[in-house]
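Notes follow once the structure below has been shown.
The values are calculated or read from the model by the stated rules, or taken from the named source; none is laboratory data. Small disclaimer: the values here were computed from a predicted structure and weren't measured. Cβ atoms come from the backbone with ideal geometry, glycine included; neighbour counts cover every protein chain shown. To get the accessible areas, we keep the full protein, side chains included, count just its heavy atoms, and leave off ligands, DNA and RNA. Shrake-Rupley method; radii C 1.70, N 1.55, O 1.52, S 1.80 Å.
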Amino acid sequence: MSVDPGRKMDVPFPAKLLAPQYWPAWIGVGLLRLLAMLPYPVMLKLGAALGALAFRLPLPQRRVARRNLALCLPELPAAERERILREHFRAVGITVGETALIWWGSNEKVLSRVRIDGLEHVDRLQEQGRGVILLAAHFTTLEISAGIFTRTRDAYAVYKPSKNALVEYLFQTRRGAVSAGMIPRDDIRAMIRVLKSGGIVWYSPDQAFRGKGAELVPLFGVPAATNAATSRLAKLTGAAVLPYFSERLPGDAGYQVTIGAPLEGFPSGDAVADTLRFHRLIEAQVRHVPEQYLWLHKRFKGLSADYPDFYGRRPVDREAALAAFRDAAGERPPAPHST
(Lines give C-alpha, C1' and ligand atoms only; values in the text may rest on other atoms or scores of the structure.)
Protein backbone atom coordinates (compact mmCIF):
# COMPACT_ATOMS: atom_id res chain seq x y z
CA MET A 1 0.00 0.00 0.00
CA SER A 2 1.67 3.23 -1.13
CA VAL A 3 1.16 6.56 0.54
CA ASP A 4 -0.06 9.63 -1.33
CA PRO A 5 2.65 12.34 -1.02
CA GLY A 6 0.08 15.01 -1.73
CA ARG A 7 -2.21 14.21 1.17
CA LYS A 8 -2.80 17.17 3.44
CA MET A 9 -1.62 16.93 7.03
CA ASP A 10 -3.67 18.58 9.76
CA VAL A 11 -0.90 20.93 10.86
CA PRO A 12 -1.93 24.57 11.38
CA PHE A 13 0.27 27.15 9.72
CA PRO A 14 2.02 29.33 12.34
CA ALA A 15 1.48 32.96 11.36
CA LYS A 16 4.86 33.88 12.85
CA LEU A 17 6.53 32.12 9.91
CA LEU A 18 5.54 35.11 7.75
CA ALA A 19 7.80 37.42 9.79
CA PRO A 20 10.77 38.98 7.95
CA GLN A 21 13.25 36.91 9.96
CA TYR A 22 12.03 33.81 8.10
CA TRP A 23 12.15 35.30 4.59
CA PRO A 24 15.71 34.09 3.79
CA ALA A 25 14.72 30.60 4.90
CA TRP A 26 11.62 30.72 2.70
CA ILE A 27 13.86 31.54 -0.26
CA GLY A 28 15.81 28.38 0.55
CA VAL A 29 12.57 26.40 0.68
CA GLY A 30 11.65 27.78 -2.72
CA LEU A 31 14.97 26.67 -4.16
CA LEU A 32 14.42 23.20 -2.70
CA ARG A 33 11.01 23.09 -4.31
CA LEU A 34 12.57 23.96 -7.67
CA LEU A 35 15.16 21.20 -7.22
CA ALA A 36 12.36 18.66 -6.90
CA MET A 37 11.12 19.66 -10.36
CA LEU A 38 14.44 18.96 -12.09
CA PRO A 39 15.21 15.69 -13.89
CA TYR A 40 16.79 13.23 -11.48
CA PRO A 41 20.24 13.12 -13.20
CA VAL A 42 20.43 16.91 -13.19
CA MET A 43 19.48 17.04 -9.52
CA LEU A 44 22.27 14.58 -8.69
CA LYS A 45 24.89 16.58 -10.59
CA LEU A 46 23.88 19.86 -8.95
CA GLY A 47 23.94 18.26 -5.50
CA ALA A 48 27.35 16.68 -6.08
CA ALA A 49 28.72 20.02 -7.32
CA LEU A 50 27.37 21.74 -4.21
CA GLY A 51 29.10 19.17 -2.02
CA ALA A 52 32.37 19.50 -3.94
CA LEU A 53 32.24 23.26 -3.36
CA ALA A 54 31.59 22.77 0.35
CA PHE A 55 34.63 20.50 0.59
CA ARG A 56 36.84 23.36 -0.59
CA LEU A 57 35.52 25.76 2.04
CA PRO A 58 37.15 26.04 5.50
CA LEU A 59 34.21 24.38 7.25
CA PRO A 60 34.67 22.84 10.73
CA GLN A 61 32.68 19.80 9.57
CA ARG A 62 35.51 18.80 7.27
CA ARG A 63 37.86 18.42 10.24
CA VAL A 64 35.20 16.45 12.16
CA ALA A 65 34.68 14.07 9.24
CA ARG A 66 38.42 13.61 8.73
CA ARG A 67 38.83 12.80 12.43
CA ASN A 68 35.96 10.29 12.34
CA LEU A 69 37.48 8.52 9.37
CA ALA A 70 40.82 8.25 11.17
CA LEU A 71 39.09 6.87 14.29
CA CYS A 72 36.94 4.32 12.48
CA LEU A 73 39.12 3.27 9.57
CA PRO A 74 42.70 3.62 10.84
CA GLU A 75 43.82 0.65 8.74
CA LEU A 76 43.23 2.58 5.50
CA PRO A 77 46.03 4.69 4.00
CA ALA A 78 45.63 8.41 4.64
CA ALA A 79 45.25 9.05 0.90
CA GLU A 80 42.33 6.59 0.72
CA ARG A 81 40.60 8.21 3.68
CA GLU A 82 41.02 11.60 2.01
CA ARG A 83 39.42 10.23 -1.16
CA ILE A 84 36.49 8.95 0.90
CA LEU A 85 36.23 12.37 2.55
CA ARG A 86 35.97 14.15 -0.82
CA GLU A 87 33.35 11.69 -2.03
CA HIS A 88 31.51 12.05 1.26
CA PHE A 89 31.04 15.78 0.75
CA ARG A 90 29.65 15.10 -2.72
CA ALA A 91 27.25 12.60 -1.14
CA VAL A 92 26.15 15.17 1.43
CA GLY A 93 25.47 17.65 -1.37
CA ILE A 94 23.31 15.10 -3.15
CA THR A 95 21.31 14.76 0.07
CA VAL A 96 20.00 18.31 -0.46
CA GLY A 97 18.42 17.33 -3.76
CA GLU A 98 17.14 14.05 -2.33
CA THR A 99 15.40 15.94 0.46
CA ALA A 100 13.60 18.05 -2.15
CA LEU A 101 12.72 14.93 -4.12
CA ILE A 102 11.29 12.99 -1.19
CA TRP A 103 9.34 16.01 0.13
CA TRP A 104 7.76 17.07 -3.16
CA GLY A 105 8.39 14.41 -5.78
CA SER A 106 5.67 12.07 -7.00
CA ASN A 107 5.54 8.40 -6.06
CA GLU A 108 6.40 7.49 -9.63
CA LYS A 109 9.46 9.75 -9.71
CA VAL A 110 10.77 8.37 -6.40
CA LEU A 111 9.86 4.70 -6.47
CA SER A 112 10.72 4.12 -10.13
CA ARG A 113 14.40 4.32 -9.12
CA VAL A 114 14.19 2.07 -6.08
CA ARG A 115 14.68 -1.62 -5.52
CA ILE A 116 13.54 -2.92 -2.13
CA ASP A 117 14.54 -6.35 -0.90
CA GLY A 118 12.94 -7.80 2.22
CA LEU A 119 9.46 -6.27 2.20
CA GLU A 120 8.10 -9.78 2.59
CA HIS A 121 9.51 -9.86 6.15
CA VAL A 122 7.51 -6.76 7.06
CA ASP A 123 4.33 -7.95 5.38
CA ARG A 124 4.46 -11.33 7.08
CA LEU A 125 4.82 -9.73 10.51
CA GLN A 126 1.99 -7.31 9.75
CA GLU A 127 -0.27 -10.19 8.75
CA GLN A 128 0.47 -11.67 12.19
CA GLY A 129 -0.52 -8.38 13.83
CA ARG A 130 2.97 -7.88 15.20
CA GLY A 131 4.71 -4.54 15.58
CA VAL A 132 7.86 -3.84 13.56
CA ILE A 133 10.91 -1.73 14.40
CA LEU A 134 12.89 -0.86 11.27
CA LEU A 135 16.36 -0.25 12.68
CA ALA A 136 18.19 2.25 10.48
CA ALA A 137 21.36 4.33 10.74
CA HIS A 138 22.53 7.81 9.78
CA PHE A 139 23.89 7.52 6.28
CA THR A 140 23.67 10.42 3.81
CA THR A 141 20.68 8.62 2.28
CA LEU A 142 18.75 8.94 5.57
CA GLU A 143 16.06 11.37 4.37
CA ILE A 144 15.23 9.60 1.14
CA SER A 145 15.71 6.19 2.78
CA ALA A 146 12.96 6.84 5.33
CA GLY A 147 10.71 8.42 2.71
CA ILE A 148 11.07 5.46 0.37
CA PHE A 149 9.67 3.09 2.97
CA THR A 150 6.92 5.40 4.22
CA ARG A 151 5.75 5.80 0.61
CA THR A 152 5.58 2.03 0.33
CA ARG A 153 3.93 1.03 3.62
CA ASP A 154 2.23 2.97 6.40
CA ALA A 155 4.91 3.63 9.01
CA TYR A 156 5.70 6.14 11.71
CA ALA A 157 9.02 7.95 11.44
CA VAL A 158 10.96 8.82 14.59
CA TYR A 159 12.74 12.16 14.25
CA LYS A 160 14.63 14.84 16.16
CA PRO A 161 12.41 17.94 16.47
CA SER A 162 13.98 21.17 15.25
CA LYS A 163 14.29 24.33 17.33
CA ASN A 164 13.67 26.32 14.14
CA ALA A 165 9.91 26.80 13.77
CA LEU A 166 9.99 26.78 9.96
CA VAL A 167 12.08 23.62 9.76
CA GLU A 168 9.78 21.92 12.28
CA TYR A 169 6.74 22.95 10.24
CA LEU A 170 8.33 21.44 7.13
CA PHE A 171 9.14 18.24 9.01
CA GLN A 172 5.51 17.93 10.04
CA THR A 173 3.98 18.82 6.68
CA ARG A 174 6.47 17.38 4.19
CA ARG A 175 7.90 14.38 6.05
CA GLY A 176 4.53 13.88 7.65
CA ALA A 177 2.78 13.90 4.27
CA VAL A 178 4.53 10.68 3.27
CA SER A 179 4.28 8.81 6.58
CA ALA A 180 1.59 7.54 8.93
CA GLY A 181 2.85 10.08 11.45
CA MET A 182 5.91 11.65 13.07
CA ILE A 183 7.14 10.68 16.54
CA PRO A 184 9.69 12.85 18.42
CA ARG A 185 12.68 10.70 19.36
CA ASP A 186 12.11 11.17 23.11
CA ASP A 187 8.42 10.17 22.96
CA ILE A 188 8.89 6.54 23.98
CA ARG A 189 5.24 6.23 24.98
CA ALA A 190 4.07 7.04 21.45
CA MET A 191 6.45 4.44 20.00
CA ILE A 192 5.14 1.85 22.45
CA ARG A 193 1.51 2.62 21.53
CA VAL A 194 2.20 2.22 17.82
CA LEU A 195 4.18 -0.99 18.25
CA LYS A 196 1.70 -2.58 20.65
CA SER A 197 -1.06 -1.90 18.13
CA GLY A 198 0.91 -3.78 15.46
CA GLY A 199 2.26 -0.70 13.68
CA ILE A 200 5.62 0.02 12.07
CA VAL A 201 8.21 2.42 13.51
CA TRP A 202 11.20 3.58 11.44
CA TYR A 203 13.94 4.24 14.02
CA SER A 204 17.57 5.38 13.74
CA PRO A 205 19.05 5.55 17.29
CA ASP A 206 22.71 5.50 16.26
CA GLN A 207 23.85 9.08 16.85
CA ALA A 208 25.69 10.37 19.93
CA PHE A 209 23.32 10.17 22.89
CA ARG A 210 24.11 11.38 26.39
CA GLY A 211 20.67 11.35 27.97
CA LYS A 212 19.16 9.01 30.51
CA GLY A 213 19.98 5.39 29.76
CA ALA A 214 22.99 6.18 27.57
CA GLU A 215 25.62 3.47 27.29
CA LEU A 216 29.18 3.42 25.97
CA VAL A 217 29.02 0.85 23.19
CA PRO A 218 31.96 0.23 20.83
CA LEU A 219 31.62 1.33 17.23
CA PHE A 220 34.66 0.42 15.15
CA GLY A 221 36.34 -0.38 18.46
CA VAL A 222 35.78 3.12 19.88
CA PRO A 223 33.34 3.43 22.82
CA ALA A 224 30.45 5.60 21.64
CA ALA A 225 27.75 7.22 23.77
CA THR A 226 24.67 5.43 22.48
CA ASN A 227 20.93 5.16 22.97
CA ALA A 228 20.29 1.54 23.91
CA ALA A 229 16.48 1.91 23.99
CA THR A 230 15.80 -0.44 21.09
CA SER A 231 16.03 -3.47 23.37
CA ARG A 232 13.62 -1.89 25.81
CA LEU A 233 11.12 -1.08 23.06
CA ALA A 234 11.26 -4.62 21.72
CA LYS A 235 10.86 -6.13 25.19
CA LEU A 236 7.92 -3.91 26.18
CA THR A 237 6.01 -4.34 22.94
CA GLY A 238 7.00 -7.72 21.57
CA ALA A 239 7.89 -6.01 18.29
CA ALA A 240 10.25 -7.62 15.82
CA VAL A 241 13.46 -5.73 15.01
CA LEU A 242 14.55 -5.66 11.37
CA PRO A 243 17.78 -4.05 10.07
CA TYR A 244 17.09 -1.41 7.41
CA PHE A 245 19.87 -0.11 5.16
CA SER A 246 19.88 1.80 1.89
CA GLU A 247 22.55 2.45 -0.68
CA ARG A 248 22.81 5.18 -3.33
CA LEU A 249 23.76 3.35 -6.51
CA PRO A 250 26.39 4.60 -8.98
CA GLY A 251 25.42 7.25 -11.51
CA ASP A 252 21.67 7.81 -11.72
CA ALA A 253 20.73 4.16 -11.14
CA GLY A 254 18.78 5.06 -7.98
CA TYR A 255 18.70 3.20 -4.67
CA GLN A 256 18.96 -0.26 -3.20
CA VAL A 257 17.04 -0.74 0.06
CA THR A 258 17.62 -3.90 2.03
CA ILE A 259 15.36 -4.98 4.90
CA GLY A 260 16.84 -7.84 6.85
CA ALA A 261 14.99 -10.72 8.46
CA PRO A 262 13.89 -10.21 12.10
CA LEU A 263 16.88 -10.39 14.42
CA GLU A 264 16.75 -13.69 16.26
CA GLY A 265 17.12 -13.65 20.02
CA PHE A 266 16.48 -9.90 20.16
CA PRO A 267 16.19 -8.58 22.78
CA SER A 268 18.68 -10.81 24.54
CA GLY A 269 18.26 -9.34 28.01
CA ASP A 270 21.53 -7.41 27.64
CA ALA A 271 20.89 -3.97 26.10
CA VAL A 272 24.60 -3.29 25.52
CA ALA A 273 25.10 -6.60 23.72
CA ASP A 274 22.02 -5.93 21.60
CA THR A 275 23.26 -2.46 20.69
CA LEU A 276 26.73 -3.82 19.89
CA ARG A 277 25.05 -6.24 17.52
CA PHE A 278 23.43 -3.28 15.76
CA HIS A 279 26.78 -1.49 15.60
CA ARG A 280 28.35 -4.48 13.88
CA LEU A 281 25.67 -4.24 11.20
CA ILE A 282 26.46 -0.54 10.77
CA GLU A 283 30.16 -1.30 10.48
CA ALA A 284 29.54 -3.79 7.70
CA GLN A 285 27.42 -1.29 5.76
CA VAL A 286 29.98 1.48 6.27
CA ARG A 287 32.73 -0.72 4.86
CA HIS A 288 30.47 -1.41 1.86
CA VAL A 289 29.75 2.27 1.08
CA PRO A 290 32.13 4.32 3.29
CA GLU A 291 31.50 7.62 1.51
CA GLN A 292 27.77 7.41 2.28
CA TYR A 293 28.04 7.27 6.09
CA LEU A 294 27.37 10.56 7.91
CA TRP A 295 30.93 11.33 8.97
CA LEU A 296 30.09 14.99 9.72
CA HIS A 297 28.45 14.05 13.02
CA LYS A 298 30.50 14.12 16.25
CA ARG A 299 29.73 10.51 17.04
CA PHE A 300 32.44 10.01 19.65
CA LYS A 301 31.50 12.52 22.30
CA GLY A 302 31.91 11.02 25.75
CA LEU A 303 29.60 10.65 28.70
CA SER A 304 32.04 12.21 31.17
CA ALA A 305 34.86 14.74 31.34
CA ASP A 306 37.54 12.03 31.45
CA TYR A 307 36.61 10.76 27.99
CA PRO A 308 39.15 11.67 25.25
CA ASP A 309 38.43 14.87 23.33
CA PHE A 310 38.64 13.41 19.86
CA TYR A 311 37.37 16.61 18.24
CA GLY A 312 39.81 19.09 19.70
CA ARG A 313 42.17 21.10 17.55
CA ARG A 314 45.14 18.89 18.36
CA PRO A 315 45.32 15.37 16.88
CA VAL A 316 44.72 12.56 19.37
CA ASP A 317 46.48 9.20 19.34
CA ARG A 318 43.48 6.84 19.13
CA GLU A 319 44.96 3.81 20.88
CA ALA A 320 46.82 5.77 23.56
CA ALA A 321 43.77 7.89 24.39
CA LEU A 322 41.48 4.86 24.67
CA ALA A 323 44.00 2.92 26.76
CA ALA A 324 44.34 5.86 29.18
CA PHE A 325 40.56 6.16 29.41
CA ARG A 326 40.11 2.46 30.15
CA ASP A 327 42.84 2.56 32.80
CA ALA A 328 41.23 5.56 34.49
CA ALA A 329 37.80 3.97 34.40
CA GLY A 330 39.05 0.55 35.43
CA GLU A 331 37.41 -1.02 32.41
CA ARG A 332 38.39 -3.89 30.21
CA PRO A 333 39.14 -3.13 26.55
CA PRO A 334 36.01 -3.12 24.38
CA ALA A 335 35.28 -6.19 22.31
CA PRO A 336 37.20 -6.21 19.01
CA HIS A 337 35.12 -4.94 16.12
CA SER A 338 34.23 -7.07 13.16
CA THR A 339 35.99 -6.62 9.84
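Overview of values
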| item | result |
| --- | --- |
| Segment residue 27-residue 63, length gained on full extension (0.36 nm per residue, minus Cα span) | 10.0 nm |
| Normalised alpha carbon radius of gyration of the stretch 258-333 [divisor 2.2 N^0.38 Å] | 1.38 |
| Residue-by-residue Karplus 3J(HN,Hα) for the stretch 250-256, coefficients 6.51, -1.76, 1.60, Hz, glycine and proline x | x, x, 10, 6, x, 9, 10 |
| The chain: most fluctuating residue of 132, 222, 167 per GNM, C-alpha cutoff 10 Å | 167 |
| Enclosed volume per residue, in Å³, of the convex hull spanned by Cα atoms of the stretch 48-202 | 153 |
| Stretch gain in nm, segment residue 190-residue 130, where the contour uses 0.36 nm per residue and the Cα spacing is subtracted | 20.0 nm |
| Spherically averaged projected area in nm², based on the convex hull that wraps the Cα atoms of the chain | 17.9 |
| Set of aspartates and glutamates with alpha-carbon distance to residue 235 below 16 Å, sequence-local pairs under 8 removed | 264, 270, 274 |
| Accessible surface of the chain, 1.4 Å probe, proportion on carbon and sulfur as whole % | 56 |
| Solvent-accessible surface (1.4 angstrom probe) belonging to residue 288, in square angstrom, nearest 10 | 110 |
| Fraction in percent of alpha-carbon pairs per bin - 5 Å, the stretch 195-339 | 2, 8, 16, 20, 20, 14, 10, 7, 3, 1, 0 |
| Rg(Cα) / (2.2 N^0.38 Å) computed for the stretch 74-146, rounded to two decimals | 1.51 |
| Cα gyration tensor shape for the stretch 11-98, rounded if a/c is under 1.5, else prolate or oblate | prolate |
| Relative intensity, log₁₀ I(q)/I(0), of the stretch 197-262 from a Debye sum that treats every alpha carbon as a point, q = 0.20, 0.22 Å⁻¹ | -0.97, -1.05 |
| Taking the chain and dividing mean pair separation by its residue count, relative contact order in percent (alpha carbons under 8 Å, at least six apart) | 22 |
| Descending Cα extents along the principal axes, the stretch 114-263, whole Å | 40, 37, 36 |
| Per residue accessible area of the chain, 1.4 Å probe, in Å² | 48 |
| Point-to-point label distance, residue 268-residue 115, nm (Cα→Cβ direction, 7 Å offset) | 3.2 |
| The stretch 142-218, relative contact order in percent, only Cα pairs under 8 angstrom and at least six apart counted | 35 |
| Förster radius 30 Å - calculated FRET efficiency between residue 326 and residue 79, Cβ distance, rounded to 0.05 | 0.45 |
| Sparse-neighbourhood loop sites, trypsin sites (Lys or Arg not before Pro) in the stretch 277-326 - DSSP loop, at most 12 other Cβ within 10 angstrom | 313 |
| Of 106, 304, 145, the one that fluctuates the most in a GNM where the chain has Cα springs shorter than 10 Å | 304 |
